[in-house]
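Bear in mind these aren't lab numbers, they're just calculated from the coordinates by the rules spelled out. Everything numeric in this text was worked out from a predicted model, so none of it was measured. Using ideal geometry, Cβ is built from the backbone for each residue, glycine included, and neighbour counts are taken over all protein chains shown.
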Amino acid sequence: MSLKVTVVAPSNIAFIKYWGIKDHERIVPYNPSLSMTLSRCATRTTATRLEAADADQVLVRQPGGEMEAAAGPFRAGVVNHLDRLRVWAGVECGFRIATENSFPTGTGIASSASGFAALALAVIGALGREVTREDASRLARLSGSGSAARSVLGGYVEWPAGGDQPDAARQVLPPEHWDLRDVIAVIDTSAKEVSSREGHRRAVSSPYFAARQELLADRLRSVRQALRDRDFAALSRIVEEEAIDLHLIAMSSRPPIFYWQAGTLTVLARVREWRDAGLEVCATMDAGANVHLICTAAAEPGVVAAVEDIPVVRSVIRDAVGDGPRSVDDHLF
Ligand code: DP6
């Protein structure tokens, strides 16, 4: 009887953004990144090894739906990652995989970060292997989703740029150090027109790419310090500056990429008003139109009430810093 392992891995939101790949084969980023691991936005994945050299079976369930055979690019992405994990493990067997997200896919929440972290950890477990978190981070990254490298750890996590060698992510501070919240204002639920992968590829064509790289070492130091000191004013300055710079690079890439929508700017303007009125809140966006409102636990009820009042906001997801992945017993098959 083959081992069956189920892992729940969370998504993460970057304060310092990974944007630009130096080596597409080994997923080596141009710059270090730093994120907060979430707790509620997560992927649950069950894996088991098949008996012979069977074809992979990949099942997926959308929230509220039935478990179905995965198809198209989703299945291809999973099988591609399984291929890399097979090479790493030196095995040729197929796998049966079932997966579901706690949040709707295509909402601009990084489902690939949680998805590939959960897949890597479940397969490692199903093979009966034990690895360090550093190795798990390297294996998650090989999926092609660099941000998955950070989702294997809890709390506040840094993924170094690593020179010419791919590096593993490491925890900078544990989740209990600072209970920050992420109130996600969902503005657009459609899949993004330009993938992150393509965005990374185009980033270097921006005339401002090199300028951003020069700012990042200082910015990273300042974010680490602000987190250590629990200094929300310092953190919010850098987080917003950095989010705007990511989109500045995207918009000035050749050809340009516009992830923002009118609703994004509406929410950003309101965030400035709330902060001026004394709420500890700041905004960041990944490669999408949705706005992550990072705030203190004390500010969260006020932020939720205020954001629910904005007509362009379709829904609100409440999340918080979390512990990272865990193995669970409620398997998906
Ligand atoms: C803007 O290549 O990890 O979110 O696979 O789509 O999750 P996905 O993207 P990935 O790039 C993430 C880019 C980013 C910034 C970040 O998370 O650091």
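Let's see if you can work this out: charge +1 on each Lys and Arg Cβ, -1 on each Asp and Glu Cβ, no other charges. What is the dipole magnitude of the stretch 173-254 about its Cα centre, in debye to the nearest 20? Display every interim value, and only then the final one.
Details: 13 positive and 14 negative charges, 68 e Å.
Its charge dipole is roughly 320 debye.
With N residues in the stretch 271-310, what two-decimal value do you get for its Cα radius of gyration over 2.2 N^0.38 Å? Before the final figure, lay out each step's value.
Numbers: Rg = 10.0 Å, N = 40, 2.2 N^0.38 = 8.9 Å.
Normalised Cα radius of gyration, the stretch 271-310: 1.12.
Alpha carbons only, please: Rg and Dmax for the stretch 171-268, in angstrom.
In Å, with Rg to one decimal and Dmax whole: 15.5, 42.
Considering the alpha-carbon set of the stretch 124-175 alone, what are its Rg and its Dmax in angstrom?
Looking at the stretch 124-175, its Cα Rg and Dmax stand at 11.1, 32 Å.
To the nearest 20 debye, what is the magnitude of the charge dipole of the chain about its Cα centre, counting +1 on the Cβ of each Lys and Arg and -1 on the Cβ of each Asp and Glu?
On the way: 37 positive and 41 negative charges, 95 e Å.
Magnitude of the dipole: close to 460 debye.
Find how many whole Å separate the alpha carbon centroid of the stretch 14-36 from the alpha carbon centroid of the stretch 172-215.
9
Grab every C-alpha pair in the chain, bin the distances at 10 angstrom width from 0 up to the longest one, and report whole percents.
6, 27, 35, 23, 8, 1, 0
Going highest first, how would you order 251-257, 153-159 by mean Cβ packing within 10 Å? Kindly include the intermediate steps, with their values, before the conclusion.
Working: 251-257: 14.9, 153-159: 24.3.
The peptides rank, most packed first, as 153-159, 251-257.
Quick one: TYR259, TYR30, fewest Cβ neighbours within 10 Å first, how do they rank? List each step's numbers first, then the result.
Numbers: TYR259 22, TYR30 19.
Placing the least packed residue first, the sequence is TYR30, TYR259.
Provide Rg over Rh for the stretch 1-108; use the alpha carbon set for both Rg and the Kirkwood Rh (inverse mean inverse pair distance).
1.00
Could you rank the peptides 235-248, 311-324, 59-72, 131-144 by their average count of other C-beta atoms within 10 Å per residue, with the highest value first?
Final packing ranking: 131-144, 235-248, 311-324, 59-72.
Add -39500 (n - 2.57) for each DSSP H run of 4 or more in the chain, then divide by its residues: what number comes out at 222 nm, to the nearest 500 deg cm²/dmol? All intermediate terms of the calculation are to be shown ahead of the outcome.
Working: 8 runs with 116 residues, N = 333.
Dividing the helical sum by the residues of the chain leaves -11500 deg cm²/dmol.
Take the Cα gyration tensor of the stretch 44-104, multiply each eigenvalue by 5, square-root it, and list the three semi-axes largest first, rounded to whole angstrom.
Value: 22, 11, 10 Å, ordered largest first.
For the stretch 55-212, what is the charge dipole size about the Cα centre, in debye to the nearest 20, if Lys and Arg each add +1 at the Cβ and Asp and Glu each add -1 at the Cβ?
Values: 17 positive and 18 negative charges, 63 e Å.
Dipole magnitude for the stretch 55-212 comes out near 300 debye.
Please order CYS295, CYS282 by the number of other Cβ within 10 Å, starting at the fewest. Please list the in-between numbers first.
Working: CYS295 27, CYS282 24.
Lowest count first: CYS282, CYS295.
Can you list which of the DSSP-assigned H helices in the chain have a Cα extent of 18 Å or more along the long axis and an average Kyte-Doolittle score of at least 0.0?
Details: long enough: 72-89 (25 Å, -0.02); 111-126 (22 Å, 1.67); 209-229 (30 Å, -0.54); 232-251 (28 Å, 0.93); 262-276 (22 Å, -0.24).
Qualifying helices: 111-126, 232-251.
Order these peptides, 75-87, 35-47, by their mean beta-carbon neighbour count within 10 angstrom, highest first. Intermediate values should be presented prior to the final figure.
Numbers: 75-87: 17.2, 35-47: 25.5.
Per-residue mean Cβ counts within 10 Å order the peptides as 35-47, 75-87.
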